[in-house]
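**Q** This structure is in structure tokens; I'll ask about it shortly.
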2 protein chains.
Amino acid sequence: MAAAQRGRAPGGPGRARAVPRDKRPTIEMVAKRAGVSRQTVSNAANAPHRLRPETLQKVLGVIDELGYRPSKAARSLRTRSTQVIGCRLLPSNAGGTGGVLDRLLHALCDAARSKGYDVLTFSVASDDEEIEVCDDLLRRSAVDGFVLANTHYGDVRPEWLTAAGVHFVAFGRPWGDANPAHSWVDVDGAAGTSEAVHHLAGLGHSRIGCLALPEGSGTGDDRFHGWQRATAALGLPCSTLVGRAEDGIHSGKALAEKLLSLPEPPTALVCVSDALAVGAVRALEDRGLVAGRDVSVVGFDDSPVASVLRPRLSSVRQPIEAVAQNLVEVLLAEISGTQRRPSRCLLSPWVVARESSGPALAGATGRTTLVTLPTPDSYRKEQTR
Amino acid sequence: MAAAQRGRAPGGPGRARAVPRDKRPTIEMVAKRAGVSRQTVSNAANAPHRLRPETLQKVLGVIDELGYRPSKAARSLRTRSTQVIGCRLLPSNAGGTGGVLDRLLHALCDAARSKGYDVLTFSVASDDEEIEVCDDLLRRSAVDGFVLANTHYGDVRPEWLTAAGVHFVAFGRPWGDANPAHSWVDVDGAAGTSEAVHHLAGLGHSRIGCLALPEGSGTGDDRFHGWQRATAALGLPCSTLVGRAEDGIHSGKALAEKLLSLPEPPTALVCVSDALAVGAVRALEDRGLVAGRDVSVVGFDDSPVASVLRPRLSSVRQPIEAVAQNLVEVLLAEISGTQRRPSRCLLSPWVVARESSGPALAGATGRTTLVTLPTPDSYRKEQTR
DNA sequence: CTAGCCAATATGAACGATCAAGTCGCCCCC
DNA sequence: GGGGGCGACTTGATCGTTCATATTGGCTAG
């Protein structure tokens, strides 16, 4: 259906001929020109099997010739579906998850459009304000559903949206809600930090620290647990090498300084955000150390700054394009009513190794560990689902 | 009108009560409950002056009580206007103009919403594809107009859109078209680099170089001319201190290295992009020099990386919020037909001084220049229009 | 030969708003 | 006292689709 309604520009390849607004063809004009009725034209697009092949041919020919596309408003009015997805535009904090949500929006638009949907964005300052805008969009029947990003503990939005009977999918797990009534897609942060630990262990590191966020942040804790799990599984003595503070470059620097001052300092740091990682690199610089040579650092999110810094920052990259694909697929399934019970989808990120992670200095820790690593390719597959 | 149609959630302050889709009130329900006709309800929202104060009061009361908002589809079908603005989502190249277009989209959504409009975004890979999507959106009557970003020489989009009779406004001047038929809003890049030169001259620099893009890029040339104009006006001997190359960190580094190897090297560099500036800083580091102490560097765009780098990068910041406001205002004026002839609007950016620009070392250049500087505030005003 | 059925297409109604043209009082003025 | 005008509200028509229900013609079975 989407395919039939979203043909190329009329007249085949080459730049589309511009059509002034006052002479956009309606279904009636197509019908008259093809010598059939409205409904037959409608069927040609929405239920081609109902037409005799030759009739179908003729009608499609006229549709293409005139460049007819059904009016969104009229169709929306009749069918009570807008073919539009609403999505809050998230603030792009420079150091933090900045680039991620930007990538998400791009991928979301692509995925939606390929299914015949459009994306409507809005910018708000708080969750409460988001609810207000969603409410407005729903009352005006401007969207069919929402993509919700940045879920967190105590998030009031899912509950509200559920109560409103709106279709929506969350990017992010429903932290704190063991039995959520809605669908979600998320990235397995723990798997990411775990792979980071394995990556570093594979480079010979055994004292691998972790810069995490204060307890109580969903994604932060998740990523922290991945580090915990992996170091424990590898039998690494790292339990004291943990620093926790609010996200940010300054925190990262402060935390790293503390850990580096320990009698037995870490030789590598897994950070749950790029901002923390940048701070850690700063702390190293201050001591005349070089990230990736003296101490390795791995960030999280692979934000734009990661590849710009020097040394370039190794970071855990999220499969955002796959996330967007899944978000759209799940949301549309729910809108169409195909999907009755909430679906869950957890995708794996992978480590992008750059200069900030390098081999452990021989003898620096007085001990080497042998580890078997999963091949990076096994992780990368997730992206090209 | 917009105000009347976009009231708060029903029931005054506090979180809006969710309304399931199957019982969203129509104008007819409001009419019945208020004991008036459809049209009177419509008038209450669109032409309040036509109602007797007490009737108005009563109708508005019911509207608020039921949380009625006119259906977008129905209204759009009848009035032939969608109250939606289309906008291409631009690729956010990490080092370059990345953050700028992200900020623009945020500001655009805010500005549009405050006028009762929504923003529909799409992501495409080329100008031709953009035309294709615009054509599709227009044929389906999905938008009233477009905001066009990233204009450049030989841009085919304005011509196409004009031919289509579509309302649109460009962010960016119509480079190469002396007599454009469309409206635009842009930032005065030359004024930005000029202010950067004055800023540096005020710090005592007289050998101020420029890292620019190859000739032929609209914004690049514009910014370069600002440097040219300012250094000439101040009588600074800088004409040889110019490097031009494609945008990027590597180019910036290479260009800076060349200039720093001159017999009389620059003591300060004005760069037409942050990416070039980052490259320049790298070149300095390689020579053991510190930006802002030994050689000053000023970038352009104030991208997120600027404040994350060390030393933090001085950069020319664009008044994006004001740009967005103007874009929306001009576009809506054009859609409403108020504005017949194309309007033009050029806003001034300003220098955000950080650590990468500092006083010239005494005696380093053998010559000091006295300059009167415009107060930074005069520039800053532009933002809060 | 005709009722019954199916495939293919056509016709009327509805979606929910606004526009254009009513209707109904009321007051003013000649 | 009646026509005219105006203010306040109502009623029919319409925007461009799709849904639900005809209509048509041909073919089959009884």
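**Q** Taking Rh as the Kirkwood radius, which is the inverse of the mean 1/r over Cα pairs, what is the Rg/Rh value for region B:289-345? Write out the running numbers ahead of the final one.
**A** Numbers: Rg = 18.5 Å, Rh = 14.1 Å.
Ratio value, two decimals: 1.31.
**Q** Same structure again: Go through region B:232-246 residue by residue and turn each phi into a ³J(HN,Hα) via Karplus (6.51, -1.76, 1.60, θ = phi - 60°); whole Hz please, and just put x for glycine and proline.
**A** 5, 4, 8, x, 8, x, 10, 4, 8, 8, 10, x, 10, 6, 4
**Q** OK, next. Report, as a whole number in µm² per second, the diffusion coefficient that Stokes-Einstein gives for region B:103-213 at 10 °C and 1.306 mPa s using the Kirkwood radius over alpha carbon pairs. Kindly include the intermediate steps, with their values, before the conclusion.
**A** Details: Rh = 16.5 Å.
For the chosen part, D equals 96 µm²/s.
**Q** Let me ask something else about it. What number, in percent, do you get for the relative contact order of chain B if the mean sequence gap of Cα pairs under 8 Å and at least 6 apart is divided by its residue count?
**A** 16 percent
**Q** Still on this structure, I have one more. State the Cα centre-to-centre distance between region A:169-241 and region B:31-45 in whole Å.
**A** A separation of 57 Å, based on Cα centres.
**Q** How big is the Cα convex hull of region B:245-314 in projection, averaged over all directions, in nm²? Each step should come with its number before you reach the end.
**A** Working: hull surface 16.2 nm².
That works out to 4.0 nm².
**Q** If you don't mind, another one. Whole-Hz ³J(HN,Hα) for each residue in region A:202-215, computed from phi via Karplus 6.51 cos²θ - 1.76 cosθ + 1.60 with θ = phi - 60°, x for glycine and proline: what do you get?
**A** Running phi through 6.51 cos²θ - 1.76 cosθ + 1.60 with θ = phi - 60° gives x, 8, x, 7, 10, 9, 9, x, 9, 9, 10, 8, x, 4 Hz.
**Q** Hey, any idea what the orientation-averaged projected area of the convex hull of chain A's Cα atoms comes to, in nm²? Intermediate results must be reported in sequence, preceding the final value.
**A** Details: hull surface 91.2 nm².
Result: a mean projected hull area of 22.8 nm².
**Q** Now, a different point. Quick one: angle between helix B:249-260 and the longest Cα principal axis of chain B, in degrees between 0 and 90, rounded to 10, please.
**A** 30 degrees
**Q** Okay, next question. Give the value in nm², to one decimal: projected area of the alpha carbon convex hull of region B:23-118, averaged over all directions.
**A** Details: hull surface 33.0 nm².
Approximately 8.2 nm², given one-decimal rounding.
**Q** Okay, moving on. Test of understanding: express the Cα radius of gyration of region A:230-374 as a ratio to 2.2 N^0.38 Å, with N the residue count.
**A** Values: Rg = 18.6 Å, N = 145, 2.2 N^0.38 = 14.6 Å.
Ratio of Cα Rg to 2.2 N^0.38 Å: 1.28.
**Q** Of the residues B:Val185, B:Val352, B:Val124, which exhibits the maximal mean-square fluctuation in a Gaussian network model of chain B defined by a 10 Å Cα contact cut-off?
**A** Ranking B:Val185, B:Val352, B:Val124 by mean-square fluctuation puts B:Val124 first.
**Q** Looking at this model, which pairs from A:Lys58/A:Lys115; A:Lys72/A:Lys115; A:Lys23/A:Lys115; A:Lys72/B:Lys72 are more than 22 angstrom apart at the alpha-carbon?
**A** Numbers: A:Lys58/A:Lys115 26 Å; A:Lys72/A:Lys115 15 Å; A:Lys23/A:Lys115 27 Å; A:Lys72/B:Lys72 11 Å.
In this structure, A:Lys58/A:Lys115; A:Lys23/A:Lys115 lie more than 22 Å apart at Cα.
**Q** Summing Lys, Arg as +1 and Asp, Glu as -1, what charge do residues with Cβ under 10 Å from the Cβ of A:Asp222 carry, A:Asp222 excluded? Spell out each step's value before the answer.
**A** Working: positive: A:Arg173, A:Arg223; negative: A:Asp186, A:Asp188, A:Asp221.
Local charge sum for A:Asp222: -1.
**Q** Can you give me the long-range amide H partners of A:Val119? Hydrogens built in the peptide plane at 1.01 Å from N, cutoff under 5 Å, separation of 5 or more residues or another chain.
**A** A:Ile85, B:Thr121
**Q** Per residue of region B:216-230, what does 6.51 cos²θ - 1.76 cosθ + 1.60 with θ = phi - 60° give for ³J(HN,Hα)? Whole Hz please, x for Gly and Pro, Karplus curve as stated.
**A** Listing the rounded values in order: x, 9, x, 4, x, 4, 4, 5, 4, 4, x, 5, 4, 4, 5 Hz.
**Q** Something else now. Could you tell me whether the protein assembly as shown comes out rounded, prolate or oblate from its Cα gyration tensor? Rule is a ≥ b ≥ c as square roots of the eigenvalues, rounded for a/c under 1.5, then prolate if a/b exceeds b/c, otherwise oblate.
**A** Here the protein assembly as shown falls in the oblate category.
**Q** Before anything else, pin down the relative contact order of region A:269-359: Cα pairs under 8 Å, at least 6 apart, normalised by residue count, whole percent.
**A** Values: 135 pairs, mean separation 30.7, N = 91.
Answer for region A:269-359 is 34 percent.
**Q** Explain nothing, just the number: relative contact order of region B:48-189, from Cα pairs under 8 Å at least 6 residues apart, as a whole percent. Mind dumping the intermediate values first?
**A** On the way: 148 pairs, mean separation 28.3, N = 142.
20 percent.
We did not get these values from a lab; they are worked out from the coordinates using the rules stated. Just so it is clear, the structure is predicted and the values come from calculations on it, not from any experiment. No Cβ is skipped: glycine too gets one built from the backbone with ideal geometry, and neighbour counts run over all protein chains shown.
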